[in-house]
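Chemist: Handing you this structure, nothing more for now.
The values are calculated or read from the model by the stated rules, or taken from the named source; none is laboratory data. Keep in mind it's a predicted model, so treat the numbers as computed, not measured. Cβ sites come from the backbone with ideal geometry, for glycine too, and all protein chains shown count toward neighbours. Calculation scope for accessible area: heavy atoms of the full protein, side chains included, ligands and nucleic acids excluded. Shrake-Rupley method; radii C 1.70, N 1.55, O 1.52, S 1.80 Å.
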Amino acid sequence: MEDRISKIIIVGGGSAGWLSAAVIAAEHRIDPQAQRPFELVLVESPDIPTIGVGEGTWPSMRATLQRIGLSETDFIRKCDASFKQGTYFRNWQTGGGQGDDDSYSHPFTVPAGYADTNLAPHWLALADAPRFADAVTPQTALFSDCRAPKQITTPEYAFLVNYAYHLDAGKFAELLRQHCTEQLGVKHVKANVLQINAAENGDIQSVTTDSAGEIAGDLFIDCTGTKSLLLGEHFDIPFQSRQEYLFNDTALAAQVPYAEEDQAIQSCTHSTAQTAGWIWDIGLPTRRGTGHVYSSAHISEDEATAQLLAYIKEVAGDKAAANVVPRKIRFQPGHRQEFWHRNCVAIGMSSGFIEPLEASALVMVELAAGMIAEQLPPTREVMDIVAKRYNQKFLRHWNQIIEFLKLHYVLSARDDSPYWQENRAATSIPEKLSEQLALWRYRSPWHQDAGAVDDLFPTASYQYILYGMGFKTMPRQTSGYEQSQRQASELFQKNAARATQLQQAMPGNRELLNKVQKFGFQKL
Ligand SMILES: Cc1cc2nc3c(=O)[nH]c(=O)nc-3n(C[C@H](O)[C@H](O)[C@H](O)COP(=O)(O)OP(=O)(O)OC[C@H]3O[C@@H](n4cnc5c(N)ncnc54)[C@H](O)[C@@H]3O)c2cc1C
């Protein structure tokens, strides 16, 4: 094959660059002794820092780490990682004034019986029902007292309840770099890319660097962060803003020490709504990662900082709030109109970014790298076909991210600022989401609402947000209702019993993480 794709160049060494390198290199064994070896080179600027945030992941990360051959024990020890079992939302519905308990959870475990029994209509019919998530999964019982999703005897990556991780982004990129270069044969070049050189047919032929000369390749992966040096600057693929739907465009990030060294570590990301945004709070073993994501059109930086400091004071004390210096990060919510153009594909921030509510950026990197690894075009001739499919799939993912994130805002009854009022304006709601909400007034979301088998957010996630935020679906009793009601009551009872059992059996997060440091998990 004359035009065989055998040399991949990744530009950028943040989480996106290294994760992509690891997934592709693990799939396509790099053997320098082979007659026509497959090569993967990662070029990273020694001067331009990585974005340094991105601490929340999805359960897919377990499969990704396994796929690239990393031990879970090593990962936890080296990335200051902890277990994440979902998200706990506070003050999203009413603002939590007057002592309201305005909170709900979006756990990673789907409702009991999810394959064939829709528990939502049966939960809606219950008088005095527990909260939706508490009624359908035992996982939220573990949120409340910071319990772990597994025990020290549970093998690596296996679980009793589904989980992902919170991690230190800088340490994660460093571990991936080490693994890629020492175990997976990836070549690491530290140099600034100064120029992109085009071939006669319009593809990228090579990149010129300041200290490593010219580097040629067959496929170029743009992981240069918001710069989007290859896809955005060189190919001029337009950026599509989606700020008309999701207003947030600024973050103030702060690392906060624990008030006490052995303080319990949260089992989920905490997301607390503010007057023009929300604050994330992520518990790592050695510190918390917090930040305020907000719309700069609705609140000044000073006010946003004051809200973040007030939060830090509340959760970590006066001293922590006095010492913290938040780091400002501006971003434009949106994505490129195309992600794969000619022989260049953008992954990570270079392809786009929408605010971190639901932490959907790293999972998109995992999916992108996975698709490239699995469907790597063998020749240039067929690359455009793969690119077309890739662009269709990822546009669908971006649209679903926007619709699903917007759901959190649309359902809010908060009226305390123009931000919340404008978030409910019909013009700011994607058409598909408006249609779904109209239908769900008459029936609960269920499998038939899924657009494709690989949808990012399953119907279960829509149920957790809708019913967590008090959405009402009119009761409708179709044939077979009595029989499924019997199944449903059994599932509710079993779930309550399982929740009690797990609460008693599971160690605290910190206790388990200390044991991982000392003994490690059993290898699979
Ligand atoms: C406030 C905030 C919170 C977030 N929270 C989450 C979260 O909880 N979960 C989640 O999944 N995601 C989150 N994200 C997104 C996540 O941080 C990113 O998706 C992830 O870190 C990947 O970034 P990246 O590698 O694309 O870019 P970067 O980290 O910016 O890396 C860019 C790389 O390109 C290199 N580079 C740039 N120019 C050149 C050049 N000329 N030559 C050579 N190299 C170059 C740089 O040196 C760097 O190595 C968050 C983002 C923000 C802004």
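Chemist: May I ask you to say which residue of Gln517, Gln487 is modelled with pLDDT under 95 and either in a helix (DSSP H, G or I) or farther than 21 Å from Pro59 by Cα (or both)?
Modeler: Answer to the check: Gln487.
Chemist: If I filter the range 127-156 down to residues being out of contact with any Gly (no Cβ under 9 Å at 6 or more places or on another chain) and assigned to a helix (DSSP H, G or I), which single residue comes out as most open to solvent (accessible area, probe 1.4 Å)?
Modeler: Ser144
Chemist: So, in the range 27-46, of the ones that are modelled with pLDDT of 95 or more and open to solvent by less than 40 Å² (accessible area, probe 1.4 Å), which residue ends up farthest from Thr250 (Cα to Cα)?
Modeler: Residue satisfying both the conditions and the ranking: Leu40.
Chemist: Considering only residues that are charged (D, E, K, R), surrounded by 14 or more Cβ atoms within 10 Å (Cβ to Cβ) and out of contact with any helix residue (DSSP H, G or I) (no Cβ under 8 Å at 6 or more places or on another chain), which ones fall in the range 196-253?
Modeler: Correct list: Asp249 only.
Chemist: Would you check if Pro49 is open to solvent by 20 Å² or more (accessible area, probe 1.4 Å) and either within 16 Å of the ligand (Cβ to nearest atom) or closer than 30 Å to His188 by Cβ (or both)?
Modeler: yes
Chemist: When you look at Ala259, is it touching a residue at least 12 places away in the same chain (Cβ under 8 Å), away from the ligand (no atom under 13 Å from the Cβ) and either within 19 Å of Ser103 (Cα to Cα) or aliphatic (A, V, I, L, M) (or both), yes or no?
Modeler: Yes, satisfied.
Chemist: Somewhere in the range 496-519, is a residue out of contact with any Cys (no Cβ under 6 Å at 6 or more places or on another chain), in contact (Cβ under 8 Å) with a residue 40 or more places away in the chain, open to solvent by less than 40 Å² (accessible area, probe 1.4 Å) and over 29 Å from Leu284 (Cβ atoms)?
Modeler: No: the range 496-519 contains no residue that is out of contact with any Cys (no Cβ under 6 Å at 6 or more places or on another chain), in contact (Cβ under 8 Å) with a residue 40 or more places away in the chain, open to solvent by less than 40 Å² (accessible area, probe 1.4 Å) and over 29 Å from Leu284 (Cβ atoms).
Chemist: Sticking with this one: Out of (1) open to solvent by 10 Å² or more (accessible area, probe 1.4 Å); (2) assigned to a loop (DSSP other than H, G, I, E, B); (3) within 16 Å of the ligand (Cβ to nearest atom), what's the single condition that is false for Trp398?
Modeler: For Trp398, the exception is condition (2).
Chemist: Moving on to the next point. Could you please give the count of residues in the range 301-340 that are open to solvent by less than 50 Å² (accessible area, probe 1.4 Å) and more than 18 Å from Asp281 (Cβ to Cβ)?
Modeler: 7
Chemist: I've got another one for you. Going by the structure shown, is Gly13 buried (at least 24 other Cβ atoms within 10 Å of the Cβ), at pLDDT 95 or above and assigned to a loop (DSSP other than H, G, I, E, B)?
Modeler: For Gly13, the condition - buried (at least 24 other Cβ atoms within 10 Å of the Cβ), at pLDDT 95 or above and assigned to a loop (DSSP other than H, G, I, E, B) - is met.
Chemist: Looking at (1) more than 19 Å from Gln85 (Cβ to Cβ); (2) within 16 Å of the ligand (Cβ to nearest atom), which is the one condition that is false for Tyr165?
Modeler: All conditions pass for Tyr165, except number (1).
Chemist: Same structure, new question: Select from the range 490-515 the residues that are basic (Lys, Arg) and under 26 Å from the mean Cα position of the chain (by Cα) and list them in ascending order.
Modeler: The one that is basic (Lys, Arg) and under 26 Å from the mean Cα position of the chain (by Cα): Arg510.
Chemist: If I ask for residues that are under 27 Å from Lys227 (Cα atoms) and either near the ligand (Cβ under 6 Å from one of its atoms) or part of a loop (DSSP other than H, G, I, E, B) (or both), which ones from the range 23-46 would you list?
Modeler: Passing the criteria: Val43, Glu44, Ser45, Pro46.
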